[in-house]
Amino acid sequence: MKRIVSVQLPRGGIAFAAPFHISMEGMEARVLCRDEKDYDAVVKIICVCARRANVLVVIYVVVSNHCHIAILAASKEDADRFAREIKRMAGMWFSKRYGDNGIMRGVDVKAILLSDNFHVRNALAYIPRNALDNGCPVADYEWSGFRAMFSQEDLSESRLLSSMKYRERRAVMHTDDDLSDVPWRIDANGRLIPSSFCARWYLEQAFEKDPAFFLKTIGSQDSAQMHYIFVEKPRSMMTDNDLLATVDEVSDRWYHQGVAGLPLEKKIRLLMYIRHTTKTSVPQLARVFGLKREMVATIISKPR
């Protein structure tokens, strides 16, 4: 399979893109999606946010209190932007509908790079498998991109979103974004058709264009192990050595040198990025960046 591919991005331009797994978790004690209108809205939020962040959705699943998405993104920054935008827009939806401004408090979004073929295939299979959390067979679950794969969908009674008048598009998609040029299709119930916006070709080539290979991977997964790999582990704190290696890798990508040699201004920018994308602490950041704890605490507390 090809893990990193050259793609046409939603907002124009061609770039090499890598696969990322996005998860929105943290609502064990609460339900987010209470009815079909909520599920439908979150699917559309995923689609709109992908266009805003200039990333491609490969496959997704929305369940009652969390969601998972695989995307292709030209950079980790784009993947993180996509994740944050989903949380922001979902928060606006649920706040407006239920009058609960704190409904997303405690919800964590995380984007992790799928760094090898094992993680790519298992993430692509693990995502639709989450339908079982809602007590539904994977193949029958409506709020998943599973049915888009391997041309399973009937498009005969669908409509192009771009063919609708602006007000109708706005009512269907719950956004003022200009969607007059998107290839997305809407079914008779006003719901997005996954194959019209999912980059299913990426999943299909990852499984050698063999539906049986895809289904076998879904069926043979240890769900607890996959949950640890894709949900729990990314939210665990790294050791100082592992975090330093991560910081040095980003620093080299951004500034062509390790963090130790950076001037303070660049360290601060990098520190804020690491703080928002990694589970860490003030003492650990101070050790890794070679700064005093008081300075790190002050940097983090300032609005930016």
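The values are calculated or read from the model by the stated rules, or taken from the named source; none is laboratory data. Everything numeric here is computed off the predicted structure, so don't read it as measured data. With ideal geometry, Cβ positions are generated from the backbone for all residues, glycine too; neighbour counts draw on all protein chains shown. Just the protein is used for accessible areas: all its heavy atoms, side chains included, with ligands, DNA and RNA removed. Shrake-Rupley method; radii C 1.70, N 1.55, O 1.52, S 1.80 Å.
Yes/no matrix, rows are residues, columns are (1) open to solvent by less than 20 Å² (accessible area, probe 1.4 Å); (2) within 20 Å of the chain's Cα centre (by Cα):
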{"position": "180", "(1), (2)": "no, no"}
{"position": "219", "(1), (2)": "no, no"}
{"position": "235", "(1), (2)": "no, yes"}
{"position": "247", "(1), (2)": "yes, no"}
{"position": "252", "(1), (2)": "no, no"}
* To do: Give the residue, chosen from 147, 169, 97, that is closer than 30 Å to residue 233 by Cβ, assigned to a helix (DSSP H, G or I) and either modelled with pLDDT of 90 or more or in contact with a helix residue (DSSP H, G or I) (Cβ under 9 Å, 6 or more places away or on another chain) (or both).
  => 147
* Asked: So how many residues does segment 257-304 have that are within 28 Å of the chain's Cα centre (by Cα) and either part of a loop (DSSP other than H, G, I, E, B) or not hydrophobic (A, V, I, L, M, F, W, C) (or both)?
  -> 16
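Condition check ((1) aromatic (Phe, Trp, Tyr); (2) buried (at least 16 other Cβ atoms within 10 Å of the Cβ)) across all residues:
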site: 85; (1), (2): no, yes
site: 106; (1), (2): no, no
site: 112; (1), (2): no, yes
site: 117; (1), (2): no, no
site: 146; (1), (2): yes, yes
* Do we have any residue at all in segment 125-132 that's over 15 Å from the mean Cα position of the chain (by Cα), without any contact (Cβ under 8 Å) to a residue 12 or more places away in the chain, open to solvent by less than 50 Å² (accessible area, probe 1.4 Å) and under 20 Å from residue 195 (Cβ atoms)? -> no
* Considering residues of segment 258-288 that are surrounded by fewer than 17 Cβ atoms within 10 Å (Cβ to Cβ) and small (Gly, Ala, Ser) only, the residue nearest to residue 111 (Cα to Cα) -> 281
* To do: Tell me, yes or no, whether segment 191-207 has at least one residue that is at pLDDT below 95, among the charged types (D, E, K, R), farther than 28 Å from residue 112 by Cβ and surrounded by 12 or more Cβ atoms within 10 Å (Cβ to Cβ).
  => no
* List every residue pair whose Cβ atoms lie under 8 Å apart, where the two residues are 6 or more positions apart in sequence or sit on different chains, the first residue falls within segment 242-265 and is within 15 Å of residue 290 (Cβ to Cβ), and the second residue, located anywhere, is open to solvent by 60 Å² or more (accessible area, probe 1.4 Å) and acidic (Asp, Glu). => 258/252
* Asked: Restricting attention to segment 47-64, which residues are assigned to a helix (DSSP H, G or I), farther than 16 Å from residue 19 by Cα and open to solvent by less than 10 Å² (accessible area, probe 1.4 Å)?
  -> 47, 48, 49
* Residues in segment 3-13: is at least one modelled with pLDDT of 95 or more, open to solvent by 20 Å² or more (accessible area, probe 1.4 Å), in a loop (DSSP other than H, G, I, E, B) and within 20 Å of residue 123 (Cα to Cα)? -> yes
